[in-house]
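Only one structure is covered here, and it is reproduced in the block below.
Each reported figure results from applying straightforward, stated rules to the coordinates on display, with no laboratory input. Please read all numbers here as calculations on a predicted model, not as lab measurements. Neighbour counts run over all protein chains shown; Cβ positions are idealised from the backbone, glycine included.
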2 protein chains.
Amino acid sequence: MQQPSTTEQGFQVESFFAERMKNTPRSFIREILKVAVSEEIISFAGGLPNPEIFPMEAIREAAVRVLGQRGREALQYSNSEGYLPLRRYISHWYHENAGMEVSPEDILITSGSQQGLDLIGKVVINPGDRIIIEEPGYLGAIQAFSLYQPQFIPVPLKTTGMDLEVLDRELNSGNPRMMYLIPDFQNPSGISYSREVREQIAERIRGKNILLAEDTPYSDIRFSGERAPGFYPMLPEQTILLGTFSKTVVPGFRLGWIVARKELMDKLIIAKQAADLHTNIFTQQLLYDYLINNDIKSHIHLISNLYGRQCHAMLEALKTYFPKDVQYTVPKGGMFLWVTLPEGQSSLELFNRALEHKVAFVPGNPFYVDGSKHRSTLRLNFSCSDEATIFEGVRRIAGVLG
Amino acid sequence: MQQPSTTEQGFQVESFFAERMKNTPRSFIREILKVAVSEEIISFAGGLPNPEIFPMEAIREAAVRVLGQRGREALQYSNSEGYLPLRRYISHWYHENAGMEVSPEDILITSGSQQGLDLIGKVVINPGDRIIIEEPGYLGAIQAFSLYQPQFIPVPLKTTGMDLEVLDRELNSGNPRMMYLIPDFQNPSGISYSREVREQIAERIRGKNILLAEDTPYSDIRFSGERAPGFYPMLPEQTILLGTFSKTVVPGFRLGWIVARKELMDKLIIAKQAADLHTNIFTQQLLYDYLINNDIKSHIHLISNLYGRQCHAMLEALKTYFPKDVQYTVPKGGMFLWVTLPEGQSSLELFNRALEHKVAFVPGNPFYVDGSKHRSTLRLNFSCSDEATIFEGVRRIAGVLG
């Protein structure tokens with residue numbers, strides 16, 4: 001075929017970009033992960049589940065069963081709502097494990113819960129809308145929502161959840177359209193909302209024109225403490241609940257879900273259809289087959305125990321090697337903990353020194369929407385390193401502390 | 001867990017919806033497909049590849065190999081750009097089969113080409129932007145772009161491509177931001193752009209601030225005629241090229257791709273990351289394994305021959321049963337043909353009568369952005385019915401023609 005010469009000129013590629021693309025934060029973490037990917041570096045920077053615990057054999061068996069038994073239907077176009085047996089399974093899971101009544105009709109399968117965040121942004125956010133988020137906040141949500149050009153209202157986290165005084169102030173000054181939070185083992189801080197803070201927040205927004213997006217990626221990965229009530233049962237009409245199989249089964253399938261009531265769900269389905277028609281139906285069926293043919297509760301127990309031991313090792317190492325004026329959270333689940341250096345110390349500078357000693361973490365900066373203000377915090381991931389490596393890594397960081 | 005009473009009141013769920021959701025077209029086709037799903041109805045309404053030809057056994061073998069050999073990496077989080085060997089394969093395919101040089105760095109794997117359309121809309125379209133589309137136009141693109149609130153400028157199709165006179169008028173009146181077209185075996189019309197029309201269009205927009213989105217879902221499913229040059233080689237700096245494996249392998253994996261040059265690609269990757277982090281890596285690896293271990297050219301040949309026979313049967317049936325004043329296109333590939341009834345006849349009324357005789361198609365209305373204006377056209381799909389069924393279905397439609 002001919003290759004006509006490219007004589008285009010006179011146009012500027014920048015002119016192709018929509019306004020919304022000018023607000024996109026650079027992916028700071030992507031850059032850090034690129035630096036930290038070398039074999040010899042001990043990395044607490046990632047946010048990956050531990051692949052050692054992936055149920056490889058069970059997934060292989062499920063793949064063979066689905067392709068053998070369900071056949072061509074597993075590979076054809078499918079509906080936007082998602083595979084009904086999988087939605088029924090999730091409904092049943094909520095009933096059995098959280099005492100929550102969620103109809104399969106109120107569940108939409110998404111391509112990872114990141115897509116859930118994007119769909120919510122698309123359906124809900126007008127440019128300029130005030131969106132309350134946690135500070136420090138989850139980067140994936142900040143990135144997804146940013147493209148719909150909201151005004152972020154960060155509310156600082158205490159160890160029991162959002163700072164209610166700041167929340168009150170923000171609720172009273174202007175009309176927030178949405179509020180986004182991760183009540184269990186929050187990313188990046190590792191904290192969980194106490195029952196009291198949950199009830200206080202629900203009380204404050206009940207009946208107001210504020211949508212609550214409750215993200216629960218880590219909720220089943222608990223290694224101590226008791227499950228507290230979720231927001232969805234407290235505020236079913238104004239809560240969108242997000243869940244995912246990325247932490248309890250595998251992330252590579254990109255399978256998550258959204259729970260929302262009918263009027264919201266109708267709009268979310270329209271947005272879903274426009275976004276990718278439907279989520280990969282083969283892996284939806286594969287996952288469903290895996291879930292009904294394996295003891296998933298035992299598997300989650302295994303993951304929770306493993307991460308619990310790794311978290312414990314990290315806390316022990318921090319106690320052993322870090323000076324007393326360094327503070328850190330004590331997670332009861334999830335994959336992360338959060339370190340606060342003494343006032344004035346820069347975690348970005350610490351990152352650079354640590355990298356010279358072949359250990360990496362994520363400096364706090366990207367988790368604040370005003371990235372430059374807070375610099376004495378950092379996120380440590382404990383799910384992907386064994387206990388000896390955790391001790392050695394923390395020792396190295398301690399060695400370069402200012 | 002307690003179930004607090006839902007005492008929410010005072011808010012209105014409609015107030016949660018962003019402005020952009022008010023423009024969403026109802027999915028007319030979804031409604032029709034629901035009606036036409038019964039076993040006893042002969043349906044030319046769908047747009048599905050023929051599942052009889054899905055390579056079930058080869059896909060099962062690939063699944064087992066990937067889960068056995070590549071292991072945990074196939075199930076972990078992955079990068080937003082997509083699986084590099086798969087991107088290299090696509091690059092090589094373009095070189096071998098279309099004489100096109102496309103670097104793997106210029107290829108982004110998407111969750112079906114529907115996601116490609118959504119990402120393009122997100123990166124490119126500001127509310128109110130003028131977007132040139134074909135009339136009749138592809139519904140998936142209209143739906144995806146609609147959520148970014150453009151002003152659609154439909155340009156009528158002739159049997160050789162867009163009407164150049166109308167295109168000239170639209171190019172001269174105001175500044176279109178983007179132009180979207182399917183040059184080969186267009187959906188819904190089945191027409192292909194002639195070489196001359198392609199060159200004329202490229203000539204008109206070269207160097208202007210107009211981005212061209214060239215969608216090629218059916219391009220490899222050709223059963224007669226010669227491949228004409230694509231737009232991307234003619235205008236590489238201002239073209240975004242979309243491709244998919246949905247028609248050549250299987251749709252259920254939701255695997256497509258976008259080709260774009262660096263500056264555009266950088267923004268598309270940011271949007272991709274915000275949309276779903278990355279596409280299902282297990283099926284990316286599975287598809288790649290399938291592609292390198294099977295004779296994909298023979299498989300595509302098989303599909304093209306099958307659809308060619310089915311298309312031929314439909315044309316023969318139309319010639320046999322339809323009155324001479326009904327016009328229809330003669331596709332050289334793809335899955336659809338387009339029927340124009342004599343002036344004044346309503347295809348929506350015909351649809352209702354046809355359904356009583358247990359045969360379905362898609363009335364033309366949804367393929368026009370002004371749905372009410374054109375009503376004497378309809379789309380027939382031939383990829384999913386055998387030749388005898390096609391004859392019987394066309395006979396039944398002919399029986400209820402006005």
Pairs of alpha-carbon atoms within less than 8 angstrom and 6+ residues apart define the contacts here; what relative contact order does chain A have, in percent?
23 percent
Within 10 Å of each candidate Cβ there may be at most 16 other Cβ atoms; applying that plus a DSSP loop requirement, which GluC sites (Glu not before Pro) in the stretch A:139-246 survive?
A:226
Counting only other residues whose beta carbon sits under 15 Å from that of residue A:325, what net charge do I get with K and R as +1, D and E as -1?
+1
Percent of alpha-carbon pairs separated by more than 17 Å within the stretch A:75-115:
35 percent
Footprinting exposure proxy for A:276, B:386, A:163 (fewest neighbouring C-beta atoms within 10 Å first):
B:386, A:163, A:276
When the convex hull of its Cα atoms is projected in every direction, mean area for the protein assembly as shown (nm²):
33.4 nm²
Distances from residue B:196 to the same residue in each other copy, label points 7 Å out along Cα→Cβ, in nm, shortest first?
8.2
Inter-copy distances for residue A:69, nm, shortest first, label points 7 Å along Cα→Cβ, are 2.8
Label residue A:195 and residue A:52 with points 7 Å out from Cα along Cα→Cβ: what is the distance between them in nm?
3.6 nm
What distance in nm lies between label points placed 7 Å from Cα along the C-beta direction at residue A:330 and residue A:69?
4.7 nm
Place a label point 7 angstrom from the Cα of residue B:309 along the Cα-to-Cβ direction, then list the residues of the stretch B:174-189 whose backbone nitrogen is under 12 Å away.
none
note: the stretch B:57-293, Cα-Cα separations exceeding 28 Å make up a percent value of 30 percent
Amide H partners (placed H, <5 Å) of residue B:158, local residues excluded
B:163
Dimensionless Rg over Rh [chain B; C-alpha; Kirkwood]
0.98
Taking residue A:332 as the anchor, which aspartates and glutamates have their alpha carbon closer than 13 Å to its alpha carbon, excluding any fewer than eight residues away along the same chain?
A:184, A:220, A:226
Taking the Cβ of residue B:259 as the center, what net charge do the other residues with Cβ under 13 Å away carry, scoring Lys and Arg +1 and Asp and Glu -1?
-4
Exam field: residue A:28 pseudo-label spacings to other copies (7 Å along Cα-Cβ), nanometres
4.9
Provide the per-residue ³J(HN,Hα) series for the stretch B:68-83, in order, calculated from phi with Karplus coefficients 6.51, -1.76, 1.60 and θ = phi - 60°, each as a whole number of Hz, with x at glycine and proline positions.
x, 8, 8, x, 5, 4, 6, 10, 7, 4, 9, 8, 5, 5, x, 5
How many Cβ atoms of partner chains, on average, are near each residue of A:110-118 if near means within 10 Å of its Cβ?
5
Evaluate E = 1/(1 + (r/R0)^6) for residue A:151 and residue A:293, where r is the Cβ-Cβ distance and R0 equals 60 Å; express this FRET efficiency to the nearest 0.05.
0.80
Most mobile of B:66, B:166, B:13 per a Gaussian network model of chain B (Cα springs, under 10 Å)?
B:13
Do you know the relative contact order of the stretch B:57-293, to the nearest whole percent, from alpha carbon pairs under 8 angstrom that are 6+ apart?
29 percent
Explain nothing, just compute: Karplus ³J(HN,Hα) = 6.51 cos²θ - 1.76 cosθ + 1.60, θ = phi - 60°, for every residue of the stretch A:113-122 in order, whole Hz, x for Gly and Pro.
6, 4, 5, x, 4, 5, 5, 4, x, 5
Integer Hz, Karplus 6.51/-1.76/1.60 couplings in order for the stretch B:289-305, x for Gly and Pro
4, 4, 5, 7, 9, 9, 8, 5, 5, 5, 5, 5, 4, 4, 4, 4, 5
Under a Cβ-Cβ cut-off of 12 Å, what is the net charge of the residues other than residue B:71 that fall near it, where Lys and Arg count +1 and Asp and Glu count -1?
+1
Counting other Cβ atoms within 10 Å, keep those with at most 15, restrict to DSSP loop, and tell me which GluC sites (Glu not before Pro) in the stretch B:23-119 are left.
B:39, B:40, B:101
Using unit Cβ charges (K, R positive; D, E negative) and no other charged atoms, how large, in debye to the nearest 20, is the dipole of chain A about its Cα centre?
80 debye
Where does each of B:38, B:346, B:383 land when they are ranked from fewest to most other beta-carbon atoms within 10 angstrom?
B:38, B:346, B:383
Cβ-based exposure ranking for B:160, A:239, in which fewest neighbours within 10 Å come first
B:160, A:239
Okay, helix-only estimate at 222 nm for chain A: each DSSP H run of n ≥ 4 adds -39500 (n - 2.57), divide by all residues, round to 500 deg cm²/dmol; what do you get?
-12000 deg cm²/dmol
Efficiency by 1/(1 + (r/R0)^6): what FRET value for residue B:97 and residue B:159, r their Cβ-Cβ distance, R0 = 30 Å, to the nearest 0.05?
0.75
How big is the dipole moment of the protein assembly as shown about its Cα centre under a simple scheme where the beta carbon of each Lys and Arg is +1, that of each Asp and Glu is -1, and everything else is neutral? Debye, nearest 20, please.
60 debye
Sparse-neighbour loop sites [GluC sites (Glu not before Pro); the stretch B:261-343; at most 11 other C-beta within 10 Å; DSSP]:
B:343
Proximal lysine pairs, the stretch B:57-293, alpha carbons under 22 Å, eight or more residues apart or interchain
7
Residues whose placed amide H lies under 5 Å from that of residue B:185, excluding near-sequence neighbours:
B:192, B:193
